[in-house]
Amino acid sequence: MDKIVDKTTQQQIQKQNITLPIAPASFFAMTLGLAETGNAWRNATSLWNLPSYIGEVLEGLAVLSFIWWLVLYCNKWIQHRKLAINEFNDPVQSSFLALIPESIILMAVAVHVYSLSIAISLFWIGSILNLLYGAYKLSGLWTQDRQAEHTTPSLFLTFTASILVNALAAGLLGYTNYGYVLLGIGTISWLIMDSVITQQLTVGGLGAKTRNFMGIYMAPAVILFVAYQVLAGENLSIPIVYGLMGYALFIFVAITFALKWLKEQAFAPGYWAYTFGIATLSQGLSIFALKNTDFTVSILAILIFCIMNIVVLGVAIGSVRLVLKGNYFPK
């Protein structure tokens, strides 16, 4: 009898040991940051003849992180359905669910140099899910009651940033006309939502625990800067690119001035939100430097590329420390 009890106890311990952690959808920000850093390194390889393997390693890490977070998210629906439902219905946290189709789209970008057919399949899955979820969440803004504090930069994820990434990938894979359709949706949504979000930021502020959302605030400007260049190709308007570059840099400098305020939030996994913006800005500058002989653009491309690597490395080291301390996942 004692042996049976001991065996049952051991089985229960083993079951507890293999329990997967619970991760919010916002943790997909790591995938986005790694993927865009990989894209920036790919462009840097073409521009400055840097080692090509670094970009590919980063893309590989992005793919692995995507698989990991997707497994955890699916497990949440299986093992912790109530938490998953609450996240889906939460007026703020539900915005981060847009990171899932956006991650799928970035996986398409990551693998397109190896298998175009796989990339196209991933792209259309992510693209359709992205638009459907965006339309669904937009209808919710009209039909559901919201508090003022629910208006945060996270709204950009659903209606702007993810759709502009969708447009960027469409252009990269040759779907130019479709890409311009997406560019219109993302850009107009940005112009509308930015006034609402900026109004809330200037009047209502942003709590210390959600300051990392400002990494998202930078996203629309930098993605549009890249997406337009990719879609326009050789037909791009240099004045328009300069204008988009200028605003992207303007927002970057403004966020830099706010570092003291931002650092009032202790380091957390949400800091990966900052890596996506700076990596996309670096990508845009390197693309522009390849098409432009302006010395200033080349210097800016080098400067932002260096800052990007420092930021990404810092966030990665901070994340490893949290994992080692057992504080990465919410308890």
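Here PHE28, PHE66 are screened, and the one residue that is open to solvent by 10 Å² or more (accessible area, probe 1.4 Å), within 17 Å of the chain's Cα centre (by Cα) and within 20 Å of LEU313 (Cα to Cα) is PHE66.
Out of the stretch 289-301, which residues are touching a residue at least 12 places away in the same chain (Cβ under 8 Å) and open to solvent by 20 Å² or more (accessible area, probe 1.4 Å)?
Within the stretch 289-301, LEU290, LYS291, ASN292, LEU300 meet the criteria.
SER127 fulfils the conditions (1) of a type in the set (S, T, N, Q); (2) assigned to a loop (DSSP other than H, G, I, E, B); (3) crowded, with 24+ Cβ neighbours inside 10 Å except for a single criterion, (2).
Among helices (runs of 4 or more DSSP H) entirely within the stretch 19-99, having at least 2 residues that are in contact (Cβ under 8 Å) with a residue 12 or more places away in the chain and not hydrophobic (A, V, I, L, M, F, W, C) singles out 29-48, 52-79. Under 7 Å by Cβ, and 6 or more places apart or on different chains, what pairs join a residue from the stretch 152-169 that is over 11 Å from LYS137 (Cβ atoms) and modelled with pLDDT of 95 or more with one that is surrounded by 24 or more Cβ atoms within 10 Å (Cβ to Cβ) and of a type in the set (Ser, Thr, Tyr)? Between residues of the stretch 152-169 that are over 11 Å from LYS137 (Cβ atoms) and modelled with pLDDT of 95 or more and residues that are surrounded by 24 or more Cβ atoms within 10 Å (Cβ to Cβ) and of a type in the set (Ser, Thr, Tyr), the close pairs are ASN166/SER127. The set of residues in the stretch 233-250 that are touching a helix residue (DSSP H, G or I) at 6+ places or on another chain (Cβ under 9 Å) and open to solvent by 50 Å² or more (accessible area, probe 1.4 Å) comprises GLU234, ILE238, ILE240, TYR242, TYR247, PHE250.
Within the stretch 271-288, does at least one residue satisfy the condition of being open to solvent by 30 Å² or more (accessible area, probe 1.4 Å), hydrophobic (A, V, I, L, M, F, W, C) and part of a helix (DSSP H, G or I)? Looking for residues that are open to solvent by 30 Å² or more (accessible area, probe 1.4 Å), hydrophobic (A, V, I, L, M, F, W, C) and part of a helix (DSSP H, G or I), one finds none in the stretch 271-288, hence no. Among all positions in the stretch 182-199, there is no residue which is among the aliphatic types (A, V, I, L, M), surrounded by fewer than 22 Cβ atoms within 10 Å (Cβ to Cβ) and not in a helix (DSSP H, G or I). Any idea which of (1) open to solvent by less than 10 Å² (accessible area, probe 1.4 Å); (2) modelled with pLDDT under 95 is the one LEU99 doesn't satisfy? Of everything listed in (1) open to solvent by less than 10 Å² (accessible area, probe 1.4 Å); (2) modelled with pLDDT under 95, LEU99 misses just condition (2).
Out of VAL230, VAL253, VAL222, VAL226, which single residue is within 20 Å of the chain's Cα centre (by Cα), surrounded by fewer than 12 Cβ atoms within 10 Å (Cβ to Cβ), at pLDDT 95 or above and not aromatic (Phe, Trp, Tyr)? Steps first, please.
Numbers: VAL230 fails: surrounded by fewer than 12 Cβ atoms within 10 Å (Cβ to Cβ); VAL222 fails: surrounded by fewer than 12 Cβ atoms within 10 Å (Cβ to Cβ); VAL226 fails: surrounded by fewer than 12 Cβ atoms within 10 Å (Cβ to Cβ).
From the options VAL230, VAL253, VAL222, VAL226, the qualifying one is VAL253.
Applying the criterion of being of a type in the set (A, V, I, L, M) and under 20 Å from GLN200 (Cβ atoms) to the residues of the stretch 148-170, the residue that is most open to solvent (accessible area, probe 1.4 Å) is ALA148. For the stretch 130-147, a residue qualifies if it is surrounded by fewer than 16 Cβ atoms within 10 Å (Cβ to Cβ) and either polar (S, T, N, Q) or over 17 Å from ILE192 (Cβ atoms) (or both), and the qualifying residues are LEU132, TYR136, SER139, THR143, GLN144, ASP145, GLN147. Given the criteria under 21 Å from VAL222 (Cα atoms), at pLDDT below 95 and open to solvent by 30 Å² or more (accessible area, probe 1.4 Å), does LEU20 qualify? Answer is no for this residue.
Which one of the conditions (1) in contact (Cβ under 8 Å) with a residue 24 or more places away in the chain; (2) open to solvent by 20 Å² or more (accessible area, probe 1.4 Å); (3) in a helix (DSSP H, G or I) does GLU264 fail to meet, given that it meets all the rest? Only one criterion is unmet by GLU264, namely (3).
Just give me the residues in the stretch 110-124 being open to solvent by 10 Å² or more (accessible area, probe 1.4 Å), in a helix (DSSP H, G or I) and hydrophobic (A, V, I, L, M, F, W, C), in sequence order.
If the condition is that a residue be open to solvent by 10 Å² or more (accessible area, probe 1.4 Å), in a helix (DSSP H, G or I) and hydrophobic (A, V, I, L, M, F, W, C), then VAL111, LEU116, ILE118, ILE120, LEU122, TRP124 are the ones that fit.
The set of residues in the stretch 31-63 being open to solvent by 30 Å² or more (accessible area, probe 1.4 Å) and among the charged types (D, E, K, R) consists of ARG42, GLU56.
The values are calculated or read from the model by the stated rules, or taken from the named source; none is laboratory data. Nothing here was measured: the structure is a model prediction, and the numbers come from that model. Neighbour counts are summed over all protein chains in view; Cβ atoms, including those assigned to glycine, are modelled from backbone coordinates with ideal geometry. Side chains included, ligands, DNA and RNA excluded: accessible areas come from the protein's heavy atoms. Shrake-Rupley method; radii C 1.70, N 1.55, O 1.52, S 1.80 Å.
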